[in-house]
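Chemist: Here it is: the structure, laid out below.
The values are calculated or read from the model by the stated rules, or taken from the named source; none is laboratory data. Because the structure is predicted, anything quoted here is derived from the model rather than measured. Here the Cβ is made from the backbone with ideal geometry for all residues, glycine too, and neighbour counts use every protein chain on show. Each accessible area value is taken on the protein alone, full model and side chains, heavy atoms only, with ligands, DNA and RNA left out. Shrake-Rupley method; radii C 1.70, N 1.55, O 1.52, S 1.80 Å.
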Amino acid sequence: MKKLFLSATSLMVLFAACSKDDDNAPQTNKKYVLSIAYSSDSLEISYDDNNRMKKIRDWYLEQDYIDSSELVYENGKLTKLTSNNSEGVMKLSQSFEYNNAGKLMRANSYNSIGERHNYDSLVYNNDGRLVALYEAAADGYMRKHNYTWDSKGNIVSSVRINIAEGVETKDSAFTVYTYDSKVNFGSRQPEFFTLEPKEPASWLSANNLVKSVETNNTDRSYAMTVTNEYTYDADGYPVTRKELEKSVRGEEVVYSHEDTFRYRYIMK
């Protein structure tokens, strides 16, 4: 399944469900993402009776192909993601483990023959906020991400450190984030972060990313900047996003790409 934050066309599909949170207490007037649209691809989400994501469908319109995934819950927690392969057979794609506080502790990813090929381990502070994530691959490759939060509940910076033979190296990348003051739907639907823990600024922060700037200490002339422009509905949720990604080395632009996104919600 491709990255959710970069997915999706407005699909005229509605799903009905009851309104319950993890404690089974009724909620009202909460919005859930129904579809995300961009370019020639699309993504739609359906929900179960507890308003948890149940199915995700990626539509690759140019290839006339649909990638379907199903989310499996145990004791109220998302524990597995199964996805269809090229033959249409559903196979395990991801599995998830939690700590005693109910926080995501490890996210495992599997290849087409059911072998785990990488996993992410997550570390939290005493306030329950993510402060570190370790990436590990079957071939021994590892790297660490450290996160810093502000008082508004946003991740404002991250440091990515490569690890060689179990030792942190000086090969590091640094990213600084800025935000709007509106509602980040991802922070209100925990499945987004569980499925993509490597994107905590997008899925855990209270507000929406307006700009990120990444630099590194091995090529100080290089920088990658991503800027986002939003329009919002009356409740402060994004309905469109215009994204511009640009990489420069010194005065030279080495890469530039622009996308537009549209978001649709269902009120429950």
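Chemist: What's the number of the only condition in (1) hydroxyl-bearing (Ser, Thr, Tyr); (2) surrounded by 17 or more Cβ atoms within 10 Å (Cβ to Cβ); (3) more than 15 Å from the chain's Cα centre (by Cα); (4) closer than 24 Å to residue 246 by Cα that residue 218 fails to meet?
Modeler: Only one criterion is unmet by residue 218, namely (2).
Chemist: Give 260, 231 a once-over and let me know the one that is more than 19 Å from the chain's Cα centre (by Cα), of a type in the set (Ser, Thr, Tyr), under 19 Å from residue 184 (Cβ atoms) and assigned to a strand (DSSP E or B). Explain how you work it out, then say what you get.
Modeler: Values: 260 fails: more than 19 Å from the chain's Cα centre (by Cα).
Result: 231 is the single residue among 260, 231 that is more than 19 Å from the chain's Cα centre (by Cα), of a type in the set (Ser, Thr, Tyr), under 19 Å from residue 184 (Cβ atoms) and assigned to a strand (DSSP E or B).
Chemist: Is it true that residue 226 is closer than 16 Å to residue 177 by Cα and β-branched (Val, Ile, Thr)? Give the steps one after another, and end with the answer.
Modeler: Working: closer than 16 Å to residue 177 by Cα: yes; β-branched (Val, Ile, Thr): yes.
When the stated conditions are applied, residue 226 passes them.
Chemist: Can you go through 223, 206 and tell me which one is open to solvent by less than 50 Å² (accessible area, probe 1.4 Å) and either outside any loop (DSSP other than H, G, I, E, B) or in contact with a Phe, Trp or Tyr (Cβ under 7 Å, 6 or more places away or on another chain) (or both)? I'd like the intermediate steps shown before the answer.
Modeler: Numbers: 206 fails: either outside any loop (DSSP other than H, G, I, E, B) or in contact with a Phe, Trp or Tyr (Cβ under 7 Å, 6 or more places away or on another chain) (or both).
After ruling out the rest, the residue left standing is 223.
Chemist: Please verify whether residue 218 is part of a strand (DSSP E or B), modelled with pLDDT under 95 and over 16 Å from residue 122 (Cβ atoms), treating the condition exactly as stated. If you could, list the steps in order and put the result at the bottom.
Modeler: Working: part of a strand (DSSP E or B): no; modelled with pLDDT under 95: yes; over 16 Å from residue 122 (Cβ atoms): yes.
It is false that residue 218 is part of a strand (DSSP E or B), modelled with pLDDT under 95 and over 16 Å from residue 122 (Cβ atoms).
Chemist: Residue 243 is checked against (1) surrounded by fewer than 11 Cβ atoms within 10 Å (Cβ to Cβ); (2) in a strand (DSSP E or B) and fails just one. What number does that condition carry?
Modeler: (1)
Chemist: Can you list the strands (runs of 3 or more DSSP E) found entirely within region 52-167 that contain at least 3 residues being modelled with pLDDT of 95 or more and open to solvent by less than 70 Å² (accessible area, probe 1.4 Å)? Talk me through it step by step, then tell me what you get.
Modeler: Values: elements: 53-60, 65-74, 77-84, 90-98, 104-110, 116-124, 130-137, 142-149, 155-164.
Here the list reads 65-74, 77-84, 90-98, 104-110, 116-124, 130-137, 142-149, 155-164.
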